[in-house]
Amino acid sequence: MSQNQSNSRPPLFSQIDVAQPAFSGSHGISGDEDEQTRLLRSLLIGQDRQNELMEELINQLGTTQKQRANELGQWKQANPHLAKRCRAAAEALGKIQTEFLESLTGEINDNFDTLIDGEFMLNEFVDRFGPRMAHLNGLLQVLSQLSAVHNPTNAPNSSQ
């Protein structure tokens with residue numbers, strides 16, 4: 001039965017003949033082939049331009065990331081005690097987030113049928129857990145970034 005189904009399906013890939021056809025006349029390339037060559041060259045030029053733009057975008061994003069990392073490193077050097085406190089707070093908040101996720105998943109598993117069948121109950125669930133989860137994640141992300149260990153390769157030494 002599976003052989004009948006696979007025989008009735010069209011092939012997934014088609015073949016393209018890339019061999020150069022015999023010359024049709026004394027002019028060499030026919031009008032259609034000349035048009036194809038022109039279109040392929042146009043595609044190649046467009047693709048080259050796209051590659052150039054992608055390289056510029058990558059360079060721009062890389063520069064922005066480096067600048068942000070340097071600024072963050074400078075802040076951490078200027079506020080080492082606060083960076084350590086952010087680390088401790090991030091670890092504590094991570095434990096709180098784990099407990100919150102436990103209660104959230106328990107709520108989902110206990111009320112799956114109600115949530116999937118009732119629009120009102122789903123909205124209540126999202127209203128109850130959604131904003132808290134979003135804010136908790138945002139706070140945890142900020143604390144983690146402020147407390148992450150920085151490799152000061154380009155950052156100047158601070159004197160205190």
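Taking the stretch 48-70 only, how many residues are at pLDDT 90 or above and under 13 Å from Gln145 (Cβ atoms)?
So the answer is 1.
Remark: Gly94 falls outside the filter, which requires a residue to be in a helix (DSSP H, G or I), modelled with pLDDT of 90 or more and outside the structural domain of Val142 (by TED's automatic domain parsing).
Residues of the stretch 111-127 that are more than 18 Å from Leu101 (Cβ to Cβ) and outside any helix (DSSP H, G or I): Gly118 alone.
Restricting the stretch 109-133 to residues that are surrounded by 13 or more Cβ atoms within 10 Å (Cβ to Cβ) and touching a residue at least 12 places away in the same chain (Cβ under 8 Å) leaves a set whose member that is farthest from the chain's Cα centre (by Cα) is Asn111.
The values are calculated or read from the model by the stated rules, or taken from the named source; none is laboratory data. No experiment lies behind these values; they were computed from the predicted model shown. Note that we place each Cβ from the backbone using ideal geometry, even for glycine, and neighbour counts take in every protein chain shown.
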